[in-house]
Every structure is written in structure tokens, then in C-alpha cells.
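In what follows, a single structure is set out as C-alpha cells and then discussed.
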Amino acid sequence: MGGVSLVSLPISRRRAFQGIGLGVGGTMVDQSEPVKEWSMLTRTKTKLVLVGIIGGLGLGLGGCVSQQHYDQLEMQYRAAADRNAALARENEQYLAALELQKGASDGATSTLDQLRAENERLRNQLEQTNALLAEIDGQMRELDFMDPATDRALRELAQRFPNVVVYDSHRGMLRFASDLTFNSGSDQLRQGAKDTLKALGEVLKSNAGGQYEIQIIGYTDSQPISSGTAQRHPTNTHLSVHRAISVKQLLTSLGIPADRILVAGWGESHPAVPNTPSGNTPQNRRVEIFFRPDSSGSTSISSEADTQMAPARPVDPTK
């Protein structure tokens, strides 16, 4: 049920989000098929994905910070994180297969050796993707676009509400834990989340905070939608989008212009951590709010002393 659903998303942003969705997922080991055939398939997938990610790292860091450049790095970061999660799942499957083979007859020695070799390969691939994540994160840190006043205000907000929200200054992102923001299967904001968002609204209405567009992205874990929840939210994608919409509605009720806000939902795609076998994974149930420079390019990042700067020119997200 994964796949991003974009609501009121400009064409340029729509393309950026569509580019994120690399189709990499864990594949369960079919014990009836030869290990060699399965390992060749996963090795080919790994090479293709890693080539795509490494190729994208050829972007230069010279010149001024551009929104397109940051978006490209964001997509590469997500792709590498997804691949990391997929490799972790594959590694767990090989470890399980190794345990099974240890109890088999001596005639299975060659298969056991193949499984050990695949396990070693996956460990190496995990090291590569971890290195890629670190490299991309380093590049994103160099593109630190948050102005000091807004950055400080968001840090203070996260300190005031540590159980509800986490702030990542280098990505310009606030992460709300869904279990503390919504009740299970619901898109209705809990009171603690409302208080946090009201404080965020004050930041967004400040002179410094007014220069940013906001992207609100919802995520779920991989638990199937219950029959009761399905009446309002047929899939996890619906639930993730509806939760993002609820956050937007509260912010607009506080006076934040709707045309500064984008909402989208990834559903169970792009988990923060690998989902558990049952799908019940609290870390993946979240809403992320990204601060982004005005996509029209009509404003520049303010200094801490630039308190008289006008808000960014609104962008019509329907065009």
C-alpha cells in the first residue's frame, strides 16, 4: 500500500517526490529455489541501486545553495536509507537461513558456504550504504540554509516539547511522533500536539520564519489498516496524508497562509527503521515538517539581525 500521495503539490515538487521512490524491498528467501539464483538477483539489485546513489553524489557544492540541489541530496539520502533498511532485512533472512542449515545434514555444506558468503557480502554492502549516508549527510550539513533566528526558535520549541517533537537542524525538519500526536488509526490531533503546533505557528509567523515554505509529510508503519479505521482511511497512504492535512488545518487556523504549506503522505513507504514482522513499529509512525526556502527564489536567507524582512511571496501549489 506504499507510494506517495501528493496533495496540492506544484509540478516541480511533484517530480522531486516521485523521484524518491526507488523500488527496493526485502525479499523473503524461498528455500525451494537455489541459493545461487537468489543471490545473483539480490546482488544485481544492490549494484543497480548503489550505482544510482553513487552517481548522484557527483553534484558539486560550489556556488550558492539552491533548492533543487538540496532536494536532490534529500532524495539521495532517502534512497540510501531505504537501501540500508532493505539490506538489513536481507541480512536477517540469511542469518535465519544459516541457522537452519547448521542443523541440516553434512550434504548441505556447499549451501551453508554460499549462505555465509552472502552474509559477508551483505555486511559489506551495509558498510557501503552507511558510508553513503554519512557522506550525503555531510553534504547536507554544508548546505545549512536555516537562518540563526529560526534555527534557535525551533531548537527551543523541541526543548519545550521533548516528548512530542525532535528537531533536525541540518535538514530543517521537525519530526512528530504519531503515537503522541494522534490516537491509533485516527487523524485527530491530540492536545499535546496542538500545543506544540501552536508554538510552531508563532515561529512561522515571525519575520524570520515567514520566509519559508512548509512541507508536511505523513508516514505510517506496515500494520494493516483495521476494519474500523478503513471506513475513514482505506489504506496507510490515506491515513498518512489525512494526518498531514490535519496538521496543515491547525496551522492555517493559526493564520499561516495555506499557500505556504504542502502536504503529502508516504504511507508505510520510507520507514525510519525496518518494520517488525508484525508491522507494529512506533518509530515509523510519524509526521515530519520540513522548512524549505521559497521555491520561487524571490527571497534570500535572512541574517539574525534582519528582523524587518518581508515574508516569502506565496506560491500557488495548484499550478
Would you check which residues across the stretch 238-274 are of a type outside the set (A, V, I, L, M, F, W, C) and within 14 Å of the chain's Cα centre (by Cα) and list them?
-> Ser240, Gly265, Gly267, Glu268, Ser269, His270, Pro271, Pro274
Those residues of the stretch 216-236 which are free of Cβ contacts under 8 Å to residues at least 40 places away in the same chain and not small (Gly, Ala, Ser) amount to Gln231, Pro234
Subset of the stretch 155-179, residues in a helix (DSSP H, G or I) and touching a helix residue (DSSP H, G or I) at 6+ places or on another chain (Cβ under 6 Å), comes to Leu157, Asp179
Does any residue of the stretch 275-287 turn out to be over 21 Å from Thr181 (Cβ atoms), in a loop (DSSP other than H, G, I, E, B) and modelled with pLDDT under 95?
-> yes
When you scan the stretch 228-255, how many residues do you find that are part of a helix (DSSP H, G or I) and within 30 Å of Asn207 (Cα to Cα)?
-> 13
Can you name the residue in the stretch 210-246 that is of a type in the set (A, V, I, L, M) and farther than 23 Å from Arg292 by Cα and is also surrounded by the most Cβ atoms within 10 Å (Cβ to Cβ) among such residues?
-> Leu239
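The values are calculated or read from the model by the stated rules, or taken from the named source; none is laboratory data. All figures in this text were calculated on a predicted structure; none of them were measured in a lab. Note that we place each Cβ from the backbone using ideal geometry, even for glycine, and neighbour counts take in every protein chain shown.
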